[in-house]
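A.B. asks: Below: one structure in structure tokens.
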Amino acid sequence: MKNLCVSIALLALFNLSLFAQSQPPPPPRAAQNANSNVTDLSQYGVRIQPDARLIIVMAALDTAGFNPNGDSEFQQLLRKDMGALDPDLRRRMHDFFERSKKAAETLRQEEIKRANPSLTEAEIETKAKLSLTDQAARFVSLAYALTPAPDLSEPARSSDLPGELLEVLDFAPLVREFYRKSGIEDRLPDYTRKYQAAGDRLRPQISKSVSDMAAYLNTRPQLAITERVKTTTSKTNLKGKQKEKLQNVEVREHERNFYVVPDLLAVPNSVKFRVIGDNYFAVVGEQVQPETSPELRRAYLQFLIDPIIYKNAKEIAAQRDAIRGILDERIKAGASASPDVYLTISRSLVAASEIRERKQKRIAIATFKAQADAANKRQANTEEVEVVKNRLTFPNAKREAFEELSEAYENGAVLVFFFDEQLSGLEHSSFDVTSSFAEMLASFDAAKEKGRLSSGETAARKEALASLAKRRAENRQRIKNDESTGAEIRGNELIKDLNDVEKILEEKDYEKAESSLMGMLQKFPGEPRILFALGRTASLSATGVFDEELRNARLNKALTHYQSVLKLQNEDTPKSLISNTHVALGKIYEFYQEVMDENKAAYKEAAIKQFDAAIALGRVDAAAYTEAIAGKARLSK
């Protein structure tokens, strides 16, 4: 039982957060039991609801400069709301994020080097680089470690805490300062409504997904766990001198919940999974498709399966030595595997269930198409045998399932092939996996499972993994090509729209130009060229205005747009645009230095800084470079 408790603790730290892999479209649903139509998710233990701690932490992270989600509608709103945040706090949050990322990557480099001393420094650096999902996952762990707002207190530092949480634990004081200074407390109700709306849009697919998982295993989730706890009380006699210790057994019931938590600031199409006590949290980014997301499906399967593992602790203990022998051999061979038997069983059963259920859907599609083709052939009075024969071999579904099983095996689900075979038998019966699990374990054959370490089995898995990697690379290239084509079309459209605005500016209709540009931002969120055009429009509208208050308001608007260009620049932003932006900012600060009665030295310093930045870029734009040199010369006299 002690080993089981350790395993449950490990399960709580087990993170399934990865980019959701592209999957084929869901097949037509085959007839299943009445549970398929879910109207009340609570009967499946599922709740879809935002978490204020997550919103606050991820908002602080976004303000610090972490931008995994492009420039979504919610991010634009958040950045507008956080525009007046203390620059020093923003800088400290940004510095912490960069330091923690570098420290985490350095630590991973050391670990990789110890495990693979033959790798080159470049290979080690590439393997250690944190993905966007990895970077965000650490701060999700922090969010769930904090107490509710307004306290947002972090747990005491301890070696018992997960490593990824320890890496960012010192971000908590900055989160509290952000909460106090940003005004996010007043905006949380509105933010929460937007998050809830995003979650509600997922509800129909989540209903189908969880009912599919429960129907496939022919089980219902266990929504409460009963625990027997020994307690000791002291009894005092009538004279008040002697004490008698009494031992009792208390029965405590714990409610279990599976929370789907929308995150509008997450990496798109990602799922981050955490288990905290009896509560399971699946944090989902935008674009996640619950019916086809392996990460979300496996998260809910773990919610279904964990109580089964707990219930069958004695049966698992009977097979512990045999399973551990297999794990030891895998570990000695340098493979990825946990020495913990309970964790291995949980991972393996979850992976096998998810892969087999999806395989059955693909086979259902093949069957449907075969029947349709055969019917068409009959109507045409031609031979139908070959059509049905070719369809019913289901080569693609079987091949893809074997590839995915091989991948799970290599990633530590060492018993995934064993449970795949066991579930195959369960599919043809009406038995509940909960009542059948003990029987599954009883049929465990250690010699057969050790046979999967043979050269022949290993070669087959390696070939399957190579095929899977090739297929995924082809999918990524196809998506990249589609995006490239779309980007080219959108780029041409953007240029045309900007040219139209230029004609409006020539007529000095600044209000109409600004309105057109704001409309373009809806089509091209965060596009630097539009923001620069907005800055130029505001600056031109201030020309010749004698009302100082109105003039300064328009120039300040221009400053805001130009600063947004610099903030949102990336490797694709034209250097010439950046150079012109620095020059435009420098000229506004130079103008303020001339007309303002206060802060002349500060405006002069700010103007020189912008001109220097443009000069440092070189002659990426000849006119801007020349103007920057001239501007600095004027201010230096």
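The values are calculated or read from the model by the stated rules, or taken from the named source; none is laboratory data. Here the structure is a predicted model, which is why all the values come from computation and not from measurement. Quick reminder, even Gly has a Cβ in these numbers, built from the backbone with ideal geometry, and neighbours come from all protein chains shown. Protein only, heavy atoms only, side chains kept; ligands, DNA and RNA dropped before computing areas. Shrake-Rupley method; radii C 1.70, N 1.55, O 1.52, S 1.80 Å.
A.B. asks: If you go through region 434-452 one residue at a time, how many are in a helix (DSSP H, G or I) and either within 34 Å of the chain's Cα centre (by Cα) or among the hydroxyl-bearing types (Ser, Thr, Tyr) (or both)?
C.D. replies: 5
A.B. asks: Need the failing condition index for Phe546 against (1) open to solvent by 50 Å² or more (accessible area, probe 1.4 Å); (2) more than 20 Å from Ser72 (Cβ to Cβ); (3) assigned to a helix (DSSP H, G or I), just the number.
C.D. replies: Unmet condition: (3).
A.B. asks: If I ask for residues that are touching a Pro at 6+ places or on another chain (Cβ under 9 Å), closer than 23 Å to Gln75 by Cα and open to solvent by less than 10 Å² (accessible area, probe 1.4 Å), which ones from region 173-214 would you list?
C.D. replies: Passing the criteria: Tyr191, Tyr195, Gly199.
A.B. asks: Considering only residues that are in a helix (DSSP H, G or I), in contact (Cβ under 8 Å) with a residue 24 or more places away in the chain and within 18 Å of Asp263 (Cβ to Cβ), which ones fall in region 78-102?
C.D. replies: Scanning region 78-102 gives Leu78, Asp81, Phe97.
A.B. asks: Something else now. Starting from region 270-291, keep only residues that are within 15 Å of Arg47 (Cα to Cα) and without any contact (Cβ under 8 Å) to a residue 24 or more places away in the chain, then list their pairs with residues that are open to solvent by less than 50 Å² (accessible area, probe 1.4 Å) and assigned to a strand (DSSP E or B) whose Cβ atoms are within a distance under 6 Å, requiring at least 6 positions of separation or different chains.
C.D. replies: Asn279/Asn257
A.B. asks: While we're here: When you look at Leu152, is it within 21 Å of Thr63 (Cα to Cα), without any contact (Cβ under 8 Å) to a residue 40 or more places away in the chain and either among the hydroxyl-bearing types (Ser, Thr, Tyr) or open to solvent by less than 40 Å² (accessible area, probe 1.4 Å) (or both), yes or no?
C.D. replies: It is false that Leu152 is within 21 Å of Thr63 (Cα to Cα), without any contact (Cβ under 8 Å) to a residue 40 or more places away in the chain and either among the hydroxyl-bearing types (Ser, Thr, Tyr) or open to solvent by less than 40 Å² (accessible area, probe 1.4 Å) (or both).
A.B. asks: Suppose we filter Leu635, Leu568 for residues that are of a type outside the set (Phe, Trp, Tyr) and under 43 Å from the mean Cα position of the chain (by Cα); which single one remains?
C.D. replies: Leu568
A.B. asks: Also: Look at region 183-203 and say how many of its residues are under 15 Å from Val57 (Cα atoms) and touching an Asp or Glu at 6+ places or on another chain (Cβ under 8 Å).
C.D. replies: 4
A.B. asks: Just one of Glu590, Glu571 is open to solvent by 80 Å² or more (accessible area, probe 1.4 Å) and of a type in the set (Asp, Glu); which is it?
C.D. replies: Glu571
A.B. asks: Check off (1) open to solvent by less than 40 Å² (accessible area, probe 1.4 Å); (2) in a loop (DSSP other than H, G, I, E, B) for Asn67 and give me the number that stays unchecked.
C.D. replies: The failed condition is (1).
A.B. asks: Inspect all residues belonging to region 126-148 and state whether any of them is more than 20 Å from the chain's Cα centre (by Cα), at pLDDT below 90 and open to solvent by less than 50 Å² (accessible area, probe 1.4 Å).
C.D. replies: Looking for residues that are more than 20 Å from the chain's Cα centre (by Cα), at pLDDT below 90 and open to solvent by less than 50 Å² (accessible area, probe 1.4 Å), one finds none in region 126-148, hence no.
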